[in-house]
Every structure is written in C-alpha cells, then in structure tokens.
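A.B. asks: This is the structure, below, for whatever I ask next.
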Amino acid sequence: MSFLPQPTLKVLERIKFGVLSPDEIRKMSRVQIITAETYDEDGMPIQGGVMDPRLGVIEPGRRCPVCGNTMHGCPGHFGHIELAKPVIHIGYVKQIYDLLRGTCWKCSRILLSEDQIRDYLSLMERLDRLFPNLKPRLIEHIRQKTAKVQECPHCGAKQKKIKLDKPTNFYEKDKGVRKLSPDEIRARLTHIPDDDVRLFGIDPKEARPEWFVLTVIPVPPAQVRPSIMLETGVRSEDDLTHKLVDIIRANNRLKESMDAAAPPIVIDDLWELLQYHVTTYINNEVPGIPPARHRTGRALKTLAQRLKGKEGRFRGNLSGKRVDFSARTVISPDPNISINEVGVPEEMAKLLTVPMRVTPWNIEEARKYVMNGPYKWPGANYIIRPDGRRTDLRFFKDRKALASSLTPGYIVERHLIDGDIVLFNRQPSLHRMSIMAHKVRVLPGKTFRLNLLVCPPYNADFDGDEMNLHVVQTEEARAEALELMLVQEHILSPRYGGPIIGGLQDYISGAYLLTTKSTLLTEEEVMDLLSVTDYKGELPEPAITKPVKMWTGKQLVSLFLPPNFNLRAKTSVNAGRLKCEDEDCFNDTYLVIKKGKLLTGVLDKKSIGAQQPESFYHWIVKEYGVDYARFLTDNMFRMFIRYIEKHGFTMSLDDVEIPPEAEERIREILREAEKDVAQLIEAYRKGELEPLPGMTPEETLETKIMERLSRARDQAGEVAAEYLDIFNNALIMARTGARGNILNLTQMSAALGQQSVRGERINRGYRGRPLPHFKPGDLMPAARGFVYSSFRTGLSPVELFFHAAGGREGLVDTAVRTSQSGYMQRRLINALMDIRVEYDGKATLPDGTVVQFSYGEDQVDPARSDHGKPVNVDRIIERVIGHEL
Amino acid sequence: MSPKKFDVREHKLVPKHERVPLPEATEILKELGLDPTQLPQIRASDPVVKAIGAKPGELVRIIRESETAGKTVVYRIVVVG
C-alpha cells in the first residue's frame, strides 16, 4: 500500500461492445455541425463549425457554454453531422457483406427454415451458457450455410449473388450486375428481424445491422483533436479536424446538388466522394483506396491510426506507459562492486527519490536529509505532511525550521542512497533475468556501473549499451524485489538448469593462469591477491618453504571452497595433446577437489564459466546456496582478475605466427587439395563423376569439392596448431574457452578457407563467374571464394571481396533473425502470459481452464533441475562418498 | 491406401485414448476440482474420438509417454464439432 489515500476499487464484471445508433449519436450531440468554416476573420470559432465552442473549451480562462466549466473541468461534448445520404461504415463492411448474403433480398429473412432458426437459436443459447468459446464456430457455420442457399425458405424468392468490390462497393449479380446503393443496403438491413440478426452473432439490442450504414456521424470533442499554435502564431489543426472539414464540405455539396435536382451522375460522384472522406476519417490505411494526405504530402493520422500498432493507444499508451522514478544511461563495467550492486551516478541519485515515513527511530536521519535539501546528496526533494500536502524543498527557504518541524507521520521523499533496492533492466527483456533487483551504490561519473559477471543474463556489453533503472516505491515492493528479484537469486537460470551468471573472458583466463601447476606465488603476491577479497584468516602452509616461502594458486582457490566439497570433472583444456581420462593426469587437466582442497586440475570455462550446467560452479550454487555463490563471485572471482592484471595478458601478431616450414607444409596441403579438386572437375567434365543419391552431377561435384576443401582447411589448421606454443596467450584463451576457438586461430595463422553465401561456394556476380578476374565456368577453388591467405599474411583484393561477401550474409542473417524472433516472442508472450501454476500443480488460465494437468508433467522447476534432469544420481553419490562409483 | 481400413489408434504417434464411464468421470472431476467447462476440449470429429466412439459431453482419458515424467494421464472433454 502506498502512503497516499487509495481510490475505491470496483471489480469489472464484464465489458460489452456495441454500435452507436443514429438516435444515440443525436442524443449525445450538443451541436449539429453544418459549416465547413472554422474561424471568422477575428480568429473566433464559427457557430456550427468544427471548432464550435460548444464542443468543449480548450483555451485557458474561458468557460464552456454547455457545462460552465473551465478547461480543466470541461470533459468536452460531442457534436454531430447529418449526412445528406447514408454511407457504409468501413469497419463493418465484412458484417454487411455476410448479412446481405445470408438474408433474402425480397423479404429480408435469414436464409434458413423456421425449424432451423428455432434449433440454432436454442443451440446458441445453450452454448452461451456452457461453452461460450464455441459460439464463434456456430456463427461461422451459420454464415457459411446461409451464403450457399439458392432460394428463400420464407418467400421462395430466387437468391441473387452479392459481390463485394473492396473496399465499400456492393453489387448484385442476377442476369446483369447492379450496384447496390448504401440507401438500398440500409433498407434491406433494417428489415431483418431481431431473431435472425442474432443468428449472425450480433446482439440486436446493442447493434442493429442498419446502424452499420451511417446516416449521422458523431463529431468528437475539441479535447480529442486540439489545435496547436506554432511560434509564428499560425494555428495548426489536428488531422481529425481536417478530415471532419472534408466530410462537411463533401456533404454540403452533395446536399446542394440534391436540392438543385442535379443529374444522377453528378450526385453519384459526390456521394462517392463523401463515402471516401468518411472511410478515410475512420481508417486511412484501407487497402484499395489512396490515403488522404496533408498538404505536405504526409498521410493523415485518423481514428484507426490512433489506436493501431506499436505506438497506438493500446500498445503505446495503455499496455505500456512512461513511468516516474526511472532513469536511463550508458552502462560501464566495475569489477570491484558486488554482482548484487549497481553503480548510480550521484546526479541521478539526487533526482530519484524513495518515500521515507518518519518514525521516532529515523527522525534524526530524516531531518538530516531535509536539511541537506534537494541539491546536496544525500538530501530530500519533497516533504509530504500527514494531511497529504506536499512541500517542494526547491522553493522552501528555511529548511532548518522545516526539519525541526518534522514529526512522526510525515513522509520525506529522500534521495537514493547506498543500499536502496532498485530494479535494473536491459532491453530486449527476453527472459526474467532481463529485470533484476540491485542494491544501489552511489558513485561519481555519469554511467551506470555493473559487475561484469551480470553481463550474460542481461546480454549486455559496454559498446554503448544503455540500461533502465526503476526505484521501487513501497515497502512490499522492496521486500519482493529483494527476496525474489535480487541478482543472486537468478544465478541459476530456468532456461537450462544451470548457472547463467559465471566467469567469462578474463575471469576464465585468470582462473586458468592462477591455478596452473607452474604458478608459484611469493608471500607478497599472496597478500596482494587476498587483499582484493574479504578473506580473513591464516595463510595456509606454503607449498615450498625454501629458499623462499611459495604458495600455489590452487592453495589460494582452496581457501574459498567449502570444507566438505568434493568434485572430479574434466576441464576445457582437457583436449588434444593434453587429454586425460582420469585423475592420474600429468597434464593437470583433470579437476579433482577433495574436502574443499583443489588437488589437481585447473579452473577454466568448464568449471567456472557462465552458462555451463553441471559444472564446479553449478554444484556450488546448488549445494551451498546462492549466498555462498555470491560470496565466490565477489571474492574468488575478483582474485582471478587481480591475478591476470598482475600477470599481464595480451595477444600479439607473434601469437599467430608459425615457422616457415609450417607455412610450407600448409601450402603443400592446399596444393594437394587443389590437385584433387582439379581431378574432380576433370572427372565431372568427362561425365565420369558418379552422382551421389538424389543429386545432379553438378551438385555432386560441388559437394565433393566443398568436402575436400574443408578437409584441407582442417589439416592446415592442425599443422598450425602443432607449431603454436600452447602457452601463447591466444591459444590459452582458445583452450580455456575464455574467448575464440581453435578455428579462429587457424584462420589467423594458416588459411581462411572457403567463403560461402547461402551455404554454397560463392558463384554469384557475373555470368558463370563471381568476378571478372576469372574465366567463365572456372570451378577451381580460387575462382569460387576459397581464401588461401591467413589473416596474418593478409588477403589479396579478390580474397577480400569474397570474405566481405560471406561476412555480409552473416550480418543480414542476424538482422533478419532478430526481427523475426522478436515478433514470435511477442506472440508467444501474449498467448502464454496468463498461465499460472496452481497450488495443486495444475497449470491453468485465470478462469481455471486447464492447460496442463500437472506442470511440465513432472512438476519440476527447471531452474532447480540439473540441465533439465530432476535428479543427478552420479553427483549425489560423488557428494556422499567423495568419488564416483 | 491399403485395402485394410486404417485405424488411427494403431499409429505409433497416437497415444492411448479411452472413454471414461460417467460415474468414474464425476469422480475424477471431483478429485481434480474442476467443472467440465474448465477441461481441455477434443472435437467429436477428431479421428481418435470417432474410433473409440465417444460422444459429446463424454470424458476421454489419454495415456501417453512423457519426455519428463515417463507416463502421464490427461483428460479431454468431447465437444461438438
């Protein structure tokens, strides 16, 4: 509950939509609009014009001639326009069409026998009661059935075919084709009896079919279409006003022509013009007619456009609004704050406030804030007295007196201070981890600061990303945010039972470097590393005592492990030449932790990485809780980056350089492949190439060439990897999983390999060749986008072109994919958002309709599962007896 | 098509469907705390429903293999259509 008085709540039982009848429109109208003129020479609105003062006052100081209120109190009043001839309402064309087809042209009865009418009415009544969601199906059935009837069961008249020429013209086809005028359509609709109307799924009390043809149109109040004054003093009218003027002008001309008994062709033309204006007034994006345009050529924004789409009334102003107590700015990293914290610029902290109820226990604190005022942090911006009166501290001189006048019951809107709970969000908000609660740290600077480890859940980086912050205003909301939304509560993701928060990039390289066998640390270094953590306690026995005391990195890591933690696991670096199958591992690539001591193996992506289920970090979170997990990220992980900072870590050209003999071997491999490709092409030319099942000879050739070339690239990569020093920094990153992979490295040092567009070798461009540098029909690797050079040696101009072509496809793909998946996401959310899990495990809609009888059929919370499995027996055994069976 | 009449129930992708007799159906609904309108629906024109001969208003039990829970039992109410 907020501190402010709450309005009484009423429960909406149901909502019903209907169509305004001409009588209703006239009844609610205060003035008939008859002239297209808006203002006279003095700039005063003309009586009976679209800016008639009786439509509502919008100028300050004036009083409404209808209700007597000023602009703040006058709700606005409707007017109306009497149309000289009826026109079709564009929104009801479909209904009119169905009604015309389903009823007799002569007697206006529905094209069903009396018996059928009775049966369907009673069925409809029962469906209404029992399965309301099935009613549309019955209505659709009746619609299809009646449209097919040839002869009226009531008067026996032979039925004519009705044709709809979109958007608003109806024709009757008998022998010839005859246009039905809105007059005639309206007459037919008027004669349909109420019961027959019901069978079309229309409630005649709320919407008689003849109301779908307009004879009167309502003129909305001035507040709905305010005119704006430009700096030049020129008045600029709203699009709706422009459109209303068009309608009146067309209407008056039509009326005059009718009164003057003009020839029917003239009248029909004017009638059609009126129809056009009324149609575009309602919806200016109707297919088949040109949109009405402003003088500048911009399409007018009329009624339907105000409601529709992303920026329309519903999605833009009702489902989503701009809110108070929120802030947005660029984000930047800060590895020294907790994952639960967010750095907020002081400037922002002085604008964002938290309501603080004054009590005897916090009155001194509250006085301090008031005394500091709005411009000194930590201060306060407003004071709300118990009677609800607000004092703005910006305009209050004697703050000292005000502070001493504070008594319990006052509310002080104080600045954001360290420890306040806020919600932090990065769009697109694709999963629940996109909005998490953080604790405020007010910091200098102009950016939001966040710990690097929370980048994966937000999918954030620091290339200019901005994020939003919302200050939670009530005690209940704060409690909920703290208990349910705090970052540490989201370390385990429901997306794939595993941690989404975990080490990345330098954290992984750092952990690896710290825990490798070769790392020995002096006392000074140990002290330095531990000083970035909260570790308090004795140093362990040094691993080496003479000539100086030295500790291993594994010993430091062990300081942070729970004393009863056991684990045996493979590491990321456990691959290739350093492969080990069990704990007797001379390469130090098999992780063994017993009784909280890291014995062998290194920490890398497979153990501390983000999004790595069933890993060291996952077991820690599951078995020791999120608080302990946060302790690790805020201490042990900080030690990793402190170590890599001291150690120094960079990548240079030398890291991808290979000796000349290796380059020669690679060239030889590529030459070999080229020769094989030439042979394949030769075989194909002679027609000796055996086609693969389901493929043409050309496809077979392409497949075989691609296969041969990719093998060559792999071989080249292997050669390059052989010559690279395993302890060069680029390779360390690839091996530990910190960044990049072996393929990236081979592309840098050996050869880029085949470039592709649409999964094929590059073959588009000129006739039979991608570029004029080649002969038409040349199928050799070089002419089809194979890049022999490496990034280190550099690409030839032609190679660069091929690489750019492949790269561009990748960019286009990502752009297309994000928009498509975004729309899919929106539709899924709209379909699934109301589903909830009941206390008995059923997944239901709010009205109790069952979606699943048992949530997920096993009632398992995926966030608490092990990569989707409810229990992991092997891990339980390992925990209990210290090793696997 | 084979000369033999095809029975959907024999298809390997079609789980077991069975009609639930009325007394048992009321029992089940009571246990689930549901009224018939809250149940998921299956059309009378559904091939399996036709095959087992269930009529609108009847309860159908579906027993199927579940990826997460091994075997699972769900219910549908037959509706006109």
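Rule-based calculations on the coordinates, nothing more; no lab input. Predicted model only: the values in this text are computed from it and were never measured. For neighbour counting, all protein chains shown are included, and Cβ atoms are generated from backbone atoms with ideal geometry for every residue, glycine included.
A.B. asks: Report the number of Lys pairs in chain B whose alpha-carbons are under 29 Å apart, with separation of 8 or more residues or on distinct chains.
C.D. replies: So the count of such lysine pairs works out to 19.
A.B. asks: Now a separate question. Would you list which aspartates and glutamates come within 15 Å of A:K646, measuring only between C-alpha atoms, while excluding same-chain residues fewer than 8 positions from it?
C.D. replies: A:D506, A:E523, A:E524, A:E525, A:D528
A.B. asks: Determine the alpha carbon to alpha carbon distance for each of A:K85/A:K135; A:K16/A:K173; A:K85/A:K145; A:K321/A:K446; A:K160/A:K205 and list only those over 31 Å.
C.D. replies: Going by Cα-Cα distance, A:K85/A:K135; A:K16/A:K173; A:K85/A:K145 fall outside the 31 Å limit.
A.B. asks: Now for a different question. Each residue of the stretch A:602-618 in turn: what ³J(HN,Hα) in whole Hz from Karplus with 6.51, -1.76, 1.60 and θ = phi - 60°, glycine and Pro shown as x?
C.D. replies: 10, 8, 8, 4, 5, 9, 10, x, 6, 6, 10, x, 6, 10, 3, 5, 4
A.B. asks: Also, quick follow-up: Mind running the shape call on chain B? Use the C-alpha gyration tensor, a ≥ b ≥ c as the square roots of the eigenvalues: rounded below 1.5 for a/c, prolate if a/b tops b/c, oblate otherwise.
C.D. replies: It is oblate, given that a/c is not under 1.5 and a/b is not larger than b/c.
A.B. asks: Can you tell me the orientation of helix A:363-372 relative to chain A, as the angle in degrees between its alpha-carbon axis and the longest Cα principal axis, to the nearest 10?
C.D. replies: Between the helix axis and the principal axis of chain A, the angle is about 80 degrees.
A.B. asks: Would you please put A:108-114, A:767-773 in order of how densely packed they are, using the mean number of other Cβ atoms within 10 angstrom per residue and starting with the highest?
C.D. replies: Highest to lowest by the protection proxy: A:108-114, A:767-773.
A.B. asks: A:L520: net charge of surrounding residues, Cβ under 11 Å, Lys/Arg +1, Asp/Glu -1, itself excluded?
C.D. replies: +2
A.B. asks: Checking the cross-link filter: which lysines have an alpha carbon closer than 17 Å to that of A:K686, excluding same-chain neighbours under 8 positions apart?
C.D. replies: By straight Cα distance, A:K686 reaches A:K675, A:K704.
A.B. asks: Within a 10 angstrom radius of each residue's Cβ in A:847-857, how many Cβ atoms of other chains show up on average? Whole number is fine.
C.D. replies: Going residue by residue through A:847-857 and averaging, the value is 5.
A.B. asks: Next question, about the same structure. Name the residues whose placed amide hydrogens come within less than 5 Å of the amide hydrogen of A:M356, ignoring near sequence neighbours (fewer than 5 apart) on the same chain.
C.D. replies: Under 5 Å from the amide H of A:M356: A:V412, A:E413, A:R414.
A.B. asks: What angle, in degrees between 0 and 90 and rounded to the nearest 10, separates the Cα long axis of helix A:93-102 from the longest principal axis of the Cα atoms of chain A?
C.D. replies: 60
A.B. asks: Still on this structure: Given charges of +1 on the Cβ of Lys and Arg and -1 on the Cβ of Asp and Glu, with all other atoms neutral, how large is the dipole of the stretch A:1-102 about its Cα centre, in debye to the nearest 20?
C.D. replies: Here the stretch A:1-102 has a charge dipole of around 620 debye.
A.B. asks: Can you list the HN-Hα couplings for the stretch A:345-360, worked out from phi with the Karplus curve (6.51, -1.76, 1.60; θ = phi - 60°), rounded to whole Hz and with x for Gly and Pro?
C.D. replies: Listing the rounded values in order: x, 4, 3, 6, 4, 7, 9, 8, 10, 10, x, 10, 7, 6, 10, x Hz.
A.B. asks: OK, next. Could you calculate, for the stretch A:536-633, the ratio of the Cα radius of gyration to the Kirkwood radius, expressed as Rg to Rh?
C.D. replies: Here the Rg-to-Rh quotient is 0.99.
A.B. asks: On a 0 to 90 degree scale, rounded to 10, what angle separates helix A:697-723 from the longest Cα axis of chain A?
C.D. replies: Helix A:697-723 and the main axis of chain A meet at about 40 degrees.
A.B. asks: So how far apart, in nm, are the two label points at A:S122 and A:I876 if each is 7 Å from Cα heading toward Cβ?
C.D. replies: 6.1
A.B. asks: Further question on the same structure: Quick query: amide H of A:Q754 versus all other amide H atoms, modeled in the peptide plane; which residues come in under 5 Å with a sequence gap of 5 or more or a different chain?
C.D. replies: A:V787
A.B. asks: Which is the longest part of chain A that has none of the chymotrypsin sites (Phe, Trp or Tyr not before Pro) sitting in a DSSP loop with at most 13 other Cβ atoms within 10 Å?
C.D. replies: Between exposed loop sites, the widest span is A:18-360.
A.B. asks: Just how large is the dipole of the stretch A:91-216 about the Cα centre, in debye to the nearest 20, putting +1 at every Lys and Arg Cβ and -1 at every Asp and Glu Cβ?
C.D. replies: About 560 debye.
A.B. asks: Another question, if that's okay. Non-local amide H neighbours of B:S66 (under 5 Å, H modeled in plane, Pro and chain starts lacking H): which ones?
C.D. replies: B:K71, B:T72
A.B. asks: How much net charge surrounds A:S854 when only other residues with a Cβ under 11 Å from its Cβ are counted (Lys, Arg +1; Asp, Glu -1)?
C.D. replies: Its environment carries a net charge of -3.
A.B. asks: Which GluC sites (Glu not before Pro) from the stretch A:286-393 combine a DSSP loop assignment with at most 13 other Cβ atoms within 10 Å?
C.D. replies: When the GluC sites (Glu not before Pro) of the stretch A:286-393 are filtered for loop state and at most 13 Cβ neighbours within 10 Å, A:E311 remain.
A.B. asks: Order these by the 10 Å Cβ neighbour count, fewest first: A:V526, A:V224, A:V278, A:V602.
C.D. replies: Final ranking by Cβ density, sparse to dense: A:V224, A:V526, A:V278, A:V602.
A.B. asks: Taking the Cβ of A:L771 as the center, what net charge do the other residues with Cβ under 12 Å away carry, scoring Lys and Arg +1 and Asp and Glu -1?
C.D. replies: +3
A.B. asks: What is the magnitude of the charge dipole of the stretch A:653-807 about its Cα centre, with +1 placed on the Cβ of each Lys and Arg, -1 on the Cβ of each Asp and Glu, and no other charges, expressed in debye to the nearest 20?
C.D. replies: So the magnitude is around 680 debye.
A.B. asks: Here's a follow-up. In terms of Cα to Cα distance under 21 Å, which lysines are near enough to A:K368, apart from those fewer than 8 places away along the same chain?
C.D. replies: Cross-link targets: A:K350, A:K376, A:K397, A:K400.
A.B. asks: Additional query: Once you put a point 7 Å from the Cα of A:N744 and another 7 Å from the Cα of A:H773, both along the Cβ direction, what distance in nm separates them?
C.D. replies: Distance between the two pseudo-spin positions: 2.7 nm.
A.B. asks: Another question about this same structure. In the stretch A:383-462, which trypsin sites (Lys or Arg not before Pro) are in a loop and have at most 12 other Cβ atoms within 10 Å, using DSSP for the loop call?
C.D. replies: Sparse-neighbourhood loop trypsin sites (Lys or Arg not before Pro): A:R389, A:K397, A:K446.
A.B. asks: If one computes the Cα centroid of the stretch A:85-154 and of the stretch A:808-829, what distance in Å separates the two points?
C.D. replies: If you average the Cα positions of each part, the centres end up 42 Å apart.
A.B. asks: Taking the Cβ of each residue in A:M833, A:M780, A:M748, A:M124 as the centre, tally the other Cβ atoms inside 10 Å and list the residues starting with the fewest.
C.D. replies: So the residues, fewest neighbours to most, are A:M833, A:M780, A:M124, A:M748.
A.B. asks: Something else: What FRET efficiency would be calculated for the residue pair A:D268, A:L230, taking the C-beta separation as r and a Förster radius of 51 Å, to the nearest 0.05?
C.D. replies: With a Förster radius of 51 Å, E is 0.80.
A.B. asks: Also, I was wondering about something else. Tell me the label-point distance for the pair A:R178, A:V798, using the 7 Å Cα-to-Cβ offset, in nm and rounded to one decimal.
C.D. replies: A separation of 7.6 nm, rounded to one decimal place.
A.B. asks: Of all trypsin sites (Lys or Arg not before Pro) in the stretch A:174-232, which ones are in loop regions per DSSP and have a Cβ with at most 15 other Cβ atoms within 10 Å?
C.D. replies: A:K175, A:K205
A.B. asks: Using each residue's phi in the stretch A:790-801, evaluate 6.51 cos²θ - 1.76 cosθ + 1.60 at θ = phi - 60° and report the 3J(HN,Hα) Karplus result to the nearest Hz, with x for Gly and Pro.
C.D. replies: Couplings: 9, 4, 6, 6, x, 9, 6, x, 5, 4, 4, 4 Hz.
A.B. asks: So, one more: What residue among A:G601, A:G510, A:T522 has its Cα farthest toward the positive end of the dipole of the stretch A:506-647, where the charges are +1 on Lys, Arg and -1 on Asp, Glu, each on the Cβ?
C.D. replies: Final value for the positive-end residue is A:G601.
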